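A.B. asks: Can you keep this structure in mind? I'll have questions shortly.
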Amino acid sequence: MTPSRVTVEGSIAQAAEAELWKNIRDETRSRLTRAITIAYLYLLASLIVGSYLINSVKEVGRDAVYFVGWEPTELNVSWMTQFVWSYGVLALLATIVYVLTILFIHNKLPTQLALTVGRMPWIGSTMRMVSMGSFCQSMYQSVARSQTYGDALATASEEVSDAALRRWSAMSAQRIRGGQSLTNVLQLCPVRDQPLSAVCVMVENARSVDESVRVWHHATMECHSMAQSRLTRATQFLSVSGLLVSVFLAAFAMLTASMFMSVVLVGLT
């Protein structure tokens, strides 16, 4: 096999691998968006049904009168209005959180707001691994092209979609060119997770460019593998928690309505 053919086959393999990693990131975003949307719709439906049920029962009891001894007393239904408003507020909050989460998944939020939303359990850790996978892939491809780490970080600042990583990469490129070591720069990364911690140690001890390439390649594979495993746990968490919360809210509204109706019937008899 001639050297040119080896180079061509290597380029094809790298392109196929890069496309596979990109598909993993896109699928992670898509599946996470779908799971969050389903959970949100379940929650919204339970809030709408619950508020409608409570409001309907409130209208039945409006102007109803019951007797305390011989004194007629009007039935108090104002607390049910508060219940309806509380369900409406919950629906508004759920909508705001849903919109922010979707924007966070697709990297449409400002840096500080994205960091805040990224603290959400399961979702935040999954998306951090997706962002780290994109960063490691960019670094791997740059190092494989024999670029310096300063140039590689500058390239990553243009290719990575995560706002915090993009800004950090641009600043880190300047630090590297200013003489700081790669290990010190990586320790300041806003996304701190297992693959990057291992990279800090292994890159520092790398003896050749080929070994550095292997380190970044392994880190990229590890990031995408962890993103897939975290996605599975995140979707399970969203499905179960969304269903349980929705059932609880709907059941609570039904219980409140049934208790109120029993009071009305007893008062009218």
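A.B. asks: To the nearest 0.05, how large is the calculated FRET efficiency for Arg175 and Asn23 if R₀ is 30 Å and r is the Cβ-Cβ distance? Provide the component values of the computation, followed by the final result.
C.D. replies: Values: r = 33 Å, r/R0 = 1.10.
The calculated FRET efficiency here is 0.35.
A.B. asks: So how much accessible area does Tyr42 have, in Å² to the nearest 10, using a 1.4 Å probe?
C.D. replies: So the heavy atoms of Tyr42 present about 110 Å² to solvent.
A.B. asks: Once every Cα of segment 149-204 carries one equal point scatterer and solvent is ignored, give the base-10 log of I(q)/I(0) from the Debye formula at q = 0.16, 0.19, 0.27, 0.28 Å⁻¹, two decimals.
C.D. replies: Ignoring solvent entirely, the Cα scatterers give -0.42, -0.61, -1.16, -1.22.
A.B. asks: In Å², what does the accessible area per residue of segment 82-159 work out to with a 1.4 Å probe? Write out the running numbers ahead of the final one.
C.D. replies: Numbers: 3700 Å² over 78 residues.
Accessible area per residue: 47 Å².
A.B. asks: Between Arg167 and Gln112, 0.36 nm times their residue separation minus their Cα-Cα distance comes to what? Before the final figure, lay out the partial values.
C.D. replies: Values: separation 55, 0.36 × 55 = 19.80 nm, distance 1.16 nm.
Stretched fully, the Arg167-Gln112 segment lengthens by 18.6 nm.
The values are calculated or read from the model by the stated rules, or taken from the named source; none is laboratory data. Every value quoted in this text rests on a predicted model; they were computed, and no experiment measured them. Neighbour counts are summed over all protein chains in view; Cβ atoms, including those assigned to glycine, are modelled from backbone coordinates with ideal geometry. Keep in mind that these areas ignore ligands, DNA and RNA; they rest on the heavy atoms of the full protein, side chains included. Shrake-Rupley method; radii C 1.70, N 1.55, O 1.52, S 1.80 Å.
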